[in-house]
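A.B. asks: The structure that follows is given in the form of structure tokens.
The values are calculated or read from the model by the stated rules, or taken from the named source; none is laboratory data. In this text the structure is predicted, and so the values were computed from the model without any measurement. No Cβ is skipped: glycine too gets one built from the backbone with ideal geometry, and neighbour counts run over all protein chains shown. Side chains are part of the model used for accessible areas, which takes the heavy atoms of the whole protein and leaves out ligands, DNA and RNA. Shrake-Rupley method; radii C 1.70, N 1.55, O 1.52, S 1.80 Å.
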Amino acid sequence: QVQVVESGGGLVQPGGSLRLSCAASGSIFSINAVGWYRQAPGKQRELVASVSSGGTTNYADSVKGRFTISRDNAKNTVYLQMNSLKPEDTAVYYCNAELTLIATMLTYSYWGQGTQVTVSS
């Protein structure tokens, strides 16, 4: 079964750091573009950062200079390093990965279940 699982969320004080992981598993031929999204209570889900299969990265203006997205293709994992966290970064963080499956050689979009990040003193 192909799945995407996020981990690494938690409670952190303002100014602190967290590293989120997005791990893909199953019969995967390749992981293409991956995006980290977040959704705060009462707000729409927004794209925080993305990385292409070639390593090109993009960031929302609100996190530029604080967050870094990276990928380890050998581990089928994408990371989101979050530094200088602010209370407004509090949200459920979701990973979306475009996966090419071995069985069909077709590419599908998969979402993880989300991981809670709370920034509070």
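A.B. asks: In this structure, does Gly35 turn out to be in a loop (DSSP other than H, G, I, E, B) and either of a type outside the set (D, E, K, R) or in contact (Cβ under 8 Å) with a residue 24 or more places away in the chain (or both)?
C.D. replies: Spelling it out, it is not the case that Gly35 is in a loop (DSSP other than H, G, I, E, B) and either of a type outside the set (D, E, K, R) or in contact (Cβ under 8 Å) with a residue 24 or more places away in the chain (or both).
A.B. asks: Where residues in the stretch 28-66 are touching a Phe, Trp or Tyr at 6+ places or on another chain (Cβ under 8 Å) and of a type in the set (Phe, Trp, Tyr), which of them is farthest from Thr107 (Cα to Cα)?
C.D. replies: For the stretch 28-66, the residue satisfying everything is Tyr59.
A.B. asks: Considering only the stretch 9-29, state which residues are of a type in the set (Gly, Ala, Ser) and open to solvent by less than 30 Å² (accessible area, probe 1.4 Å).
C.D. replies: Gly10, Gly16, Ser21, Ala24 - these are the residues of the stretch 9-29 that are of a type in the set (Gly, Ala, Ser) and open to solvent by less than 30 Å² (accessible area, probe 1.4 Å).
A.B. asks: Does Lys43 satisfy the condition of being of a type in the set (D, E, K, R), farther than 21 Å from Gly16 by Cα, open to solvent by 50 Å² or more (accessible area, probe 1.4 Å) and not in a strand (DSSP E or B)?
C.D. replies: yes
A.B. asks: Could you grab me the full set of residues in the stretch 30-40 that are more than 16 Å from Ser70 (Cβ to Cβ) and either loosely packed, with under 14 Cβ neighbours inside 10 Å or modelled with pLDDT of 95 or more (or both)?
C.D. replies: Tyr37, Arg38, Gln39, Ala40
A.B. asks: Mind listing whichever residues of the stretch 95-107 are under 17 Å from the mean Cα position of the chain (by Cα) and free of Cβ contacts under 8 Å to residues at least 12 places away in the same chain?
C.D. replies: none
A.B. asks: Among the residues of the stretch 95-117, what is the count of those that are assigned to a strand (DSSP E or B), of a type in the set (S, T, N, Q) and open to solvent by 40 Å² or more (accessible area, probe 1.4 Å)?
C.D. replies: Residues meeting the conditions: 3.
A.B. asks: Out of the residues in the stretch 1-19 that are among the aliphatic types (A, V, I, L, M) and out of contact with any Phe, Trp or Tyr (no Cβ under 6 Å at 6 or more places or on another chain), which is farthest from Gln81 (Cα to Cα)?
C.D. replies: Out of the qualifying residues, it is Val2.
A.B. asks: Also: Using the structure shown, decide if Val48 is open to solvent by less than 20 Å² (accessible area, probe 1.4 Å) and closer than 22 Å to Ser120 by Cβ.
C.D. replies: For Val48, the condition - open to solvent by less than 20 Å² (accessible area, probe 1.4 Å) and closer than 22 Å to Ser120 by Cβ - is met.
A.B. asks: In the stretch 52-70, how many residues are open to solvent by 50 Å² or more (accessible area, probe 1.4 Å), assigned to a strand (DSSP E or B) and either free of Cβ contacts under 8 Å to residues at least 12 places away in the same chain or not polar (S, T, N, Q) (or both)?
C.D. replies: Going through the stretch 52-70 one residue at a time, the tally reaches 2.
A.B. asks: OK, next. Scan the stretch 72-94 residue by residue and report those that are free of Cβ contacts under 8 Å to residues at least 60 places away in the same chain and either in a loop (DSSP other than H, G, I, E, B) or open to solvent by 50 Å² or more (accessible area, probe 1.4 Å) (or both).
C.D. replies: Scanning the stretch 72-94 gives Asn73, Ala74, Lys75, Asn76, Glu88, Thr90.
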